[in-house]
Protein chains: 2
Amino acid sequence: MYYIFFTGTAGSGKTSLVKEFQQYLLDQQLDTAIINLDPAVEKLPYTPDFDVRDYIDAYEVMQKFGLGPNSSLIVSIDLLMSKAVDIKNEISEIEANYVLVDTPGQVELFAYRDTGRILSSLIIGDNKAVNVFLLDSFLAKEARTYVSLLLLSSAIRFRMNLPQINVLSKIDLLNKKELEELNSWSNGEELIDSLGEIDDYSFDLINSLIESLDSPPVPVSSTTDEGLDELYAEIQKILAGGEDYLTEENSPRL
Amino acid sequence: MYYIFFTGTAGSGKTSLVKEFQQYLLDQQLDTAIINLDPAVEKLPYTPDFDVRDYIDAYEVMQKFGLGPNSSLIVSIDLLMSKAVDIKNEISEIEANYVLVDTPGQVELFAYRDTGRILSSLIIGDNKAVNVFLLDSFLAKEARTYVSLLLLSSAIRFRMNLPQINVLSKIDLLNKKELEELNSWSNGEELIDSLGEIDDYSFDLINSLIESLDSPPVPVSSTTDEGLDELYAEIQKILAGGEDYLTEENSPRL
């Protein structure tokens, strides 16, 4: 059983990609299941096999504790941890080759808070897992935002400590020229050229960032299904052992 | 007139620090004003001179557009831009030496979205400004989270394009040993030692990150007022010209 997490900022298209990628796997006769971890989502275009909303309701939390919308999401996930045993039991009944995990747009859960990592460890157990991080291409087409999203991607990779694939989502919203430019930025020089004047601090940091990419972000669209073959191939490369990230040596779990 | 932005993740203590820092400035006979940019905050411990809630209500947006709490905040700020002229007019009437700007915990506005930068440029106009980024020390005492928060700090610094001071907030919640350890991490070697085994990718990135810090994060507490002198000194160094970040050459505004 393999777990595929989908993380990214609000509106980056996680839920749509989860839906399309499930269909893609089903078309290949692969068993799939979906876990929804977003306690504040209203409607889902798929039927989850596990739904965090059965355990917690972000709106109730908001009212009960008099919290703002932002804090209520964080508290919801914290509260969820008190039901860890029940959740683990329910999840362990899922049987599938691939379990797709949809996550809240509140990326800070996975980037800066323990609970995201604890929750993901709980779900994964002894299985292999990969994290697909969505860079919203509609935001990322601005070079400075592209860099910021790569920094966020690194924060999440570092904090979740899972092998990670970067994806440029929603590419159907870009024209050909925009997409070509975005793709060219996985080359550090091209990216730095597009940024205009930057200070030395940024120059070094961007070079480290680009060097740290194992492979360029995969452009995908959940509307046209472009890029799903490439995404599947990247996932296979990691999960089926092409690159063994999960050895004790190079990627210890804390 | 100088603008001091306070940014950081939800719960990092921005609002409390704004309140305490205003008092600190008032004690020195300095004129101050406060701008609140958080459309979802319930109660404020200070009286803002400009309040974004007079223009937009995140709860109304949530109901009107049927949005989740996360998206409603982002849409709120987007909607706000349509009232940019009115906002600019109201803000331009503020007269003070220092204008403190409180921001939403939804840091992605400032890290990954245009609106945060546009809004801050609108507010700043031709004045000098500095961004105080709060690393929540209660989260940051875990070494991996410390790194993630530094990555977020870089994303915000890069995206806002303002001189930035990092602050370790809420240090009254730490014991002496925890605080000493946290302070030691502004040295790259100490930090890497605390991380345990990491891969080469992380090693290089962390070194770039630490090198990019102009000065170590300033430990502060809004409960004990510890560190406010140091924070004020750092702000002076930047705003009063000790270091001229805002020249065309080393920090161009895009």
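Bear in mind that the values in this text are calculations on the coordinates, not laboratory data. The structure displayed is predicted, hence computed values, not measured ones. With ideal geometry, Cβ positions are generated from the backbone for all residues, glycine too; neighbour counts draw on all protein chains shown.
Give segment A:129-164 a look and list any residue that's of a type in the set (Phe, Trp, Tyr), more than 9 Å from chain B (Cβ to nearest Cβ) and part of a helix (DSSP H, G or I), or say none.
A:Phe138, A:Tyr146
Would you mention how many residues in segment A:99-117 are in contact (Cβ under 8 Å) with a residue 24 or more places away in the chain and within 9 Å of chain B (Cβ to nearest Cβ)?
The number of residues fulfilling the criteria is 9.
If you check B:Asp225 against the conditions, is it more than 11 Å from chain A (Cβ to nearest Cβ), part of a helix (DSSP H, G or I) and surrounded by fewer than 16 Cβ atoms within 10 Å (Cβ to Cβ)?
Criteria not met by B:Asp225.
Return the residue satisfying two criteria in turn: it lies in segment A:103-143 and is over 16 Å from A:Thr9 (Cα atoms) and basic (Lys, Arg), and of such residues it is farthest from the chain's Cα centre (by Cα).
A:Lys128
Scanning segment A:228-244 for residues that are buried (at least 19 other Cβ atoms within 10 Å of the Cβ) and either among the hydrophobic types (A, V, I, L, M, F, W, C) or assigned to a loop (DSSP other than H, G, I, E, B) (or both), which turns out farthest from the other protein chains (Cβ to nearest Cβ)?
Looking at the filtered set, the residue picked out is A:Leu228.
From the set of residues in segment A:184-206 that are more than 8 Å from chain B (Cβ to nearest Cβ), buried (at least 16 other Cβ atoms within 10 Å of the Cβ) and not in a loop (DSSP other than H, G, I, E, B), which is nearest to the chain's Cα centre (by Cα)?
Per the stated criteria, the residue is A:Ile206.
Mind checking which residues of segment B:118-145 are in contact (Cβ under 8 Å) with a residue 24 or more places away in the chain and of a type in the set (D, E, K, R)?
The answer is B:Lys128, B:Asp136, B:Lys141, B:Arg144.
Within segment A:15-37, is even one residue among the hydroxyl-bearing types (Ser, Thr, Tyr) and farther than 20 Å from B:Ile74 by Cβ?
Yes, there is a match, as at least one residue in segment A:15-37 is among the hydroxyl-bearing types (Ser, Thr, Tyr) and farther than 20 Å from B:Ile74 by Cβ.
Could you say whether any residue in segment A:86-102 is under 30 Å from A:Ser194 (Cβ atoms), under 16 Å from the mean Cα position of the chain (by Cα) and of a type outside the set (Val, Ile, Thr)?
no
Collect the residues in segment B:45-98 that are without any contact (Cβ under 8 Å) to a residue 12 or more places away in the chain and within 29 Å of B:Gln23 (Cβ to Cβ), keeping them in residue-number order.
B:Asp54, B:Asn89, B:Glu93
Filter segment A:1-23 for residues that are under 13 Å from A:Val167 (Cα atoms) and in contact with a Lys or Arg (Cβ under 8 Å, 6 or more places away or on another chain) and give the result.
Residues satisfying the conditions are A:Phe6, A:Thr7, A:Gly8, A:Ser12, A:Gly13.
Scan (1) in a strand (DSSP E or B); (2) over 30 Å from B:Glu93 (Cβ atoms); (3) away from chain A (no Cβ under 11 Å) for the single condition B:Val167 breaks and write down its number.
That leaves (2) as the condition not met.
Out of the residues in segment A:168-182 that are surrounded by 17 or more Cβ atoms within 10 Å (Cβ to Cβ) and not charged (D, E, K, R), state the one that is nearest to A:Leu150 (Cα to Cα).
A:Leu168
Considering only residues that are within 23 Å of A:Pro104 (Cβ to Cβ) and either hydroxyl-bearing (Ser, Thr, Tyr) or out of contact with any Ser or Thr (no Cβ under 9 Å at 6 or more places or on another chain) (or both), look in segment B:22-59 and name the one that is nearest to the other protein chains (Cβ to nearest Cβ).
B:Glu42
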